[in-house]
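Enquirer: Please read through the structure below; I'll follow up with questions.
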Amino acid sequence: MKRENRVYIVGHKNPDTDSICSAIAYADIKNRSEKGTFVAKRAGQINEETEYVLKRFGMNAPGYFPDAATQVKEIEIHEIDGVRGSISVKKAWETMRNQNVVTLPITSEDADLQGLITVSDIAKSYMDAYDSSVMSQARTQYRSIAETLDGQVIVGNEHGYFIKGRVVIGAFHPDTMENYIHEDDLVILGNRAEDQLCAIEMKASCIVVGLGAKVSRTIQKLAEDMSCVIISTPHDTYTIARLINQSIPIKHLMTKENLITFHTGDKLDDIKEVMRNTRHRDYPIINKRGKYVGTISRRNLIGNRRKQLILVDHNEKSQAVENIDEADILEIIDHHRLGSLETMAPVLFRNQPVGCTATIMYQIYQERDLDIPENIAGLLCSAIISDTLLFRSPTCTPVDKTAAEKLAVIAGIDNLEKYAAEMFHAGSNLKDKSAEEIFYQDFKKFIMEDEVFGVGQISSMDGEELAEIRSHLVPHMKSECGKHGIEMVFFMLTNIMEESTELLFYGGHARELVEEAFHLEVGETSCQLPGVVSRKKQLIPAFMAALQQR
């Protein structure tokens, strides 16, 4: 079993409206213009603004994609059906031979893994077969004994079990046989009626008659009266003795303790280490419901294909999904500064100085002569409004504004100002959110000049709403500083209408960095930055310049 080859299109952690909408749009572009399966994903929880936009245009949120490491479910899994523990060793061996495997999983009817049996387990059972009572210890069913010997039960209940006694070959004279046969033994016999009669009278639980010999009605009647099972087989005594232990149910031989299993969600790097330390041939795989689905071996890990990704709206490793180094990055579509991400091979990298990745998506639709669906036009228009703060951000270019206006027509948005107010209100309406949820709604981590810091941002057209958000955030800044290696934290409370930001800060030399970056004296925990509304084009470049001058 191997999952369909897919290319995942994913934005950054703590995704904003542009990150989500651009991933959805690019998946639509690729699926309509190229061969393959392209799937939009998200690297984190969507915020209220994005949720409002998706609902407004009738779109579902992309699936969650937090980790780029290859998982067990994404490689070829050998779909060996589980067998019941009641089947005989002979059937298990035949199944192994037919499927060319050395390990069989034993499962319940509901696919719960109960144990494993291997070829070496079977071989060991024969090499160590000195105990003549092993068949009764294993509670071997009479029907299984008959099937293993290519015979049939001619007297007694075939569904009954051999549960006491030993396996004995009745190769003795009737006068001395009683010295060797005990009550409840299973006795292997030939065609001599006196031997059969003697074994039944000695209260054997079962007699196996070889060479297809006839069993008289008198003996059959006596066997019924004495509750003795009679099995008839065409084989000779030697063959019967050689085969009979193969009727043992495999649950008696299976390994059921300390099983080493893997789950479909396990990462390959983790299971490779286990495989190196255990050296088994095959390992059972369990799905997220706890059910057995197949097996894998070391050969399944050879040449396994890594996840294939297209990144949108970011190109920094700190903002990408976990274990991004383990994936094959095919493309990057972005509008930010060049970051720290490295790739194993050359990739298509489209990075344009525009205010929003969605603007680039609009251009790609035009370049490929594709009609833009009404709902996707709504998503892209919303993303541009969000990233450019309705064209007020210094990151906004004439290209962004033109794209948004044309997309609005396709999407049926009559009044951009009114729609933007509704969208921003949905994004800043945080009454039921904790301070931590507000803090990480639009938060990005940056690494510059050996400094590690994070910057969050909330934008609103309502000053009172921003004041309320501030009251939640200020006490929370201290607890967030120090997490994920971040030494300083900043938070932008941006008033769209006034085109200004109150910048909150905490940790390290955050205050000094703000003073150096903007050449002003600031308070203990915050300052006003008139005209500053963009994290990407105003705040981060100012910080970079200040750090480089130290």
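The values are calculated or read from the model by the stated rules, or taken from the named source; none is laboratory data. Keep in mind the model is a prediction, meaning the values are calculated, not measured. Every residue, glycine as well, gets a Cβ built from its backbone with ideal geometry; the counts of neighbours run over all protein chains shown. When the accessible area is computed, the model is the full protein with side chains, heavy atoms only, and any ligands, DNA or RNA have been set aside. Shrake-Rupley method; radii C 1.70, N 1.55, O 1.52, S 1.80 Å.
Enquirer: Determine the calculated [θ] at 222 nm for the chain from helices alone, applying -39500 (n - 2.57) to every DSSP H run no shorter than 4 residues and normalising by the residue count; nearest 500 deg cm²/dmol.
Expert: On the way: 20 runs with 188 residues, N = 550.
So the calculated ellipticity at 222 nm is -10000 deg cm²/dmol.
Enquirer: Spelling out what I want: for every residue of the range 508-516, take phi, set θ = phi - 60°, compute 6.51 cos²θ - 1.76 cosθ + 1.60 (Karplus), and round to whole Hz; glycine and proline get x.
Expert: Those phi angles translate into x, 10, 4, 4, 5, 5, 5, 4, 5 Hz.
Enquirer: How large are Rg and Dmax for the chain when calculated on the C-alpha trace, in angstrom?
Expert: 36.8, 116
Enquirer: Next question. Can you list residues from other chains, or at least 5 along the same chain, whose modelled amide H is less than 5 Å from the amide H of Gly115?
Expert: When sequence neighbours closer than 5 places are left aside, the close amide H contacts are Ile106.
Enquirer: Okay, moving on. Probe 1.4 Å, all protein chains in place: accessible area of Phe38 in Å², nearest 10?
Expert: 20 Å²
Enquirer: Which order do Met135, Met344 take by accessible area at a 1.4 Å probe, largest first? Before the final figure, lay out the partial values.
Expert: Values: Met135 0, Met344 165 Å².
The ranking, largest first, comes out as Met344, Met135.
Enquirer: Still on this structure, I have one more. For the range 263-317, what are Rg and Dmax over the alpha carbons, in angstrom?
Expert: 14.7, 44
Enquirer: By accessible area of protein heavy atoms, probe 1.4 Å, what ranking do Glu521, Glu342, Glu498, Glu273 get, highest first?
Expert: On the way: Glu521 175, Glu342 150, Glu498 130, Glu273 85 Å².
I get Glu521, Glu342, Glu498, Glu273, largest accessible area first.
Enquirer: Could you name the lysines in cross-link range of Lys288, using Cα to Cα under 28 Å and dropping any fewer than eight places away on the same chain?
Expert: Straight-distance partners of Lys288: Lys2, Lys13, Lys41, Lys73, Lys251, Lys256, Lys267, Lys272, Lys307.
Enquirer: Does the range 451-520 classify as rounded, prolate or oblate by the C-alpha gyration tensor (a ≥ b ≥ c root eigenvalues; a/c under 1.5 gives rounded; else a/b over b/c gives prolate, otherwise oblate)?
Expert: The shape class here is oblate.
Enquirer: Over the alpha-carbon set of the range 1-159, divide Rg by the Kirkwood Rh and report the Rg/Rh ratio to two decimals. Before the final figure, lay out each step's value.
Expert: Values: Rg = 27.1 Å, Rh = 21.0 Å.
A ratio of 1.29.
Enquirer: In Å and whole numbers, how far do the C-alpha atoms of the range 395-443 stretch along each principal axis, longest first?
Expert: Principal extents (Cα only, largest first): 38, 23, 14 Å.
Enquirer: Shifting gears a bit: From the C-alpha gyration tensor of the range 209-294, pull out the three semi-axes of the equivalent ellipsoid (sqrt of 5λ each), sorted largest to smallest, in whole Å.
Expert: Values: eigenvalues 489, 50, 19 Å².
Sorted largest first and rounded, they come to 49, 16, 10 Å.
Enquirer: Continuing with the same structure: For labels at Lys164 and Val102 in the simple 7 Å Cα→Cβ model, what's the distance in nm?
Expert: Between Lys164 and Val102, the label points sit 4.2 nm apart.
Enquirer: Quick check on the chain: of the DSSP beta bridges with both residues there, what percent are antiparallel, nearest 5%? Present the calculation step by step, with values, prior to reporting the outcome.
Expert: Working: 36 of 78 bridges.
Within the chain, antiparallel bridges account for around 45 percent of the total.
Enquirer: Roughly what % antiparallel, to the nearest 5, for the DSSP beta bridges in the range 1-149? All intermediate terms of the calculation are to be shown ahead of the outcome.
Expert: On the way: 5 of 12 bridges.
In the range 1-149, DSSP labels about 40 percent of beta bridges as antiparallel.
Enquirer: Determine ³J(HN,Hα), in whole Hz, for all residues of the range 131-138 in sequence, where each value follows from phi through the Karplus function 6.51 cos²θ - 1.76 cosθ + 1.60 and θ = phi - 60°; x replaces Gly and Pro.
Expert: 8, 6, 9, 4, 5, 6, 4, 7
Enquirer: Sticking with this one: List the residues of the range 507-532 whose backbone N lies under 13 Å from a point placed 7 Å from the Cα of Arg337 along the Cα-to-Cβ direction.
Expert: 517
Enquirer: In degrees from 0 to 90, rounded to the nearest 10, what is the angle of the helix 398-411 Cα long axis to the longest principal axis of the chain?
Expert: The two axes meet at around 60 degrees.
Enquirer: Show Glu367, Glu487, Glu74 ordered by accessible area, largest first, where the area counts protein heavy atoms only and the probe is 1.4 Å. Display every interim value, and only then the final one.
Expert: On the way: Glu367 115, Glu487 85, Glu74 35 Å².
Largest accessible area first, the list is Glu367, Glu487, Glu74.
Enquirer: Determine the distance separating the Cα centre of the range 354-428 from the Cα centre of the range 1-80; give it in Å without decimals.
Expert: One Cα centre to the other: 21 Å.
Enquirer: While we're here: Which whole-Hz ³J(HN,Hα) couplings does the range 248-262 yield from phi under the Karplus relation 6.51 cos²θ - 1.76 cosθ + 1.60, θ = phi - 60°, glycine and proline marked x?
Expert: In residue order, the calculated couplings are 4, x, 5, 4, 6, 9, 5, 8, 10, 9, 6, 5, 9, 10, 10 Hz.
Enquirer: If amide hydrogens are placed 1.01 Å from N in the peptide plane, which non-local residues have theirs closer than 5 Å to the one on Val312?
Expert: Long-range HN contacts for Val312: Val10, Gly11, Ile333.
Enquirer: State in Å² the accessible area per residue of the range 252-387; use a 1.4 Å probe, count heavy atoms of protein chains only, and round to the nearest integer.
Expert: Values: 6480 Å² over 136 residues.
Per residue, the range 252-387 has 48 Å² of solvent-accessible surface.
Enquirer: Probe of 1.4 angstrom, ligands and nucleic acids ignored: what's the accessible area per residue over the range 397-499, in square angstrom?
Expert: Working: 4800 Å² over 103 residues.
With the other protein chains kept in place, the range 397-499 gives 47 Å² per residue.
Enquirer: With r defined as the distance between the Cβ atoms of Glu498 and Lys433 and R0 fixed at 30 Å, what FRET efficiency is calculated, to the nearest 0.05? Don't skip to the answer; put the middle values down first.
Expert: Details: r = 24 Å, r/R0 = 0.79.
Efficiency at R0 = 30 Å is approximately 0.80.
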